[in-house]
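Data first, discussion second: the structure below is written as structure tokens.
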Amino acid sequence: MDTLTATVEISFERLAVTEAQIVELSLPTRPTKTTDSRSRSFRGDSVEVDAIPTSVLRQIVGDAIEWWINPRKLALNTGNRSIRAA
């Protein structure tokens, strides 16, 4: 195991395809494939992340990234431009 990995705590947060998003965005569902070994403990229908419009997904991810960035430092480093400007 890498030394850095052993000393850094990593956590994951589900950003997309949440139950609220399924309802709010009227995302299409489909039956979960029972032949997929990853679905053994899963109950209910499935939703593909591709069902979320790209602009919405970008906003979700951008908001999550910017939450961790100091707004003052971000403004200094970007000249008040959005980090999302492409």
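Each reported figure results from applying straightforward, stated rules to the coordinates on display, with no laboratory input. It should be emphasised that the depicted structure is a prediction, and the values quoted were computed from it without experimental measurement. Ideal geometry is used to build each Cβ from the backbone, glycine not excepted, and the neighbour counts take in all protein chains shown.
Below, the figures for the structure above:
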{"item": "Placed amide H near SER46: partners under 5 Å, 5+ positions off or other chain", "result": "ARG30, THR32"}
{"item": "Mean Cβ count within 10 Å, highest first, over the residues of peptides 44-57, 62-75", "result": "44-57, 62-75"}
{"item": "Under Karplus coefficients 6.51, -1.76 and 1.60, residue-wise ³J(HN,Hα) of region 24-34 in Hz, glycine/proline x", "result": "4, 9, 6, 6, x, 10, 8, x, 6, 5, 6"}
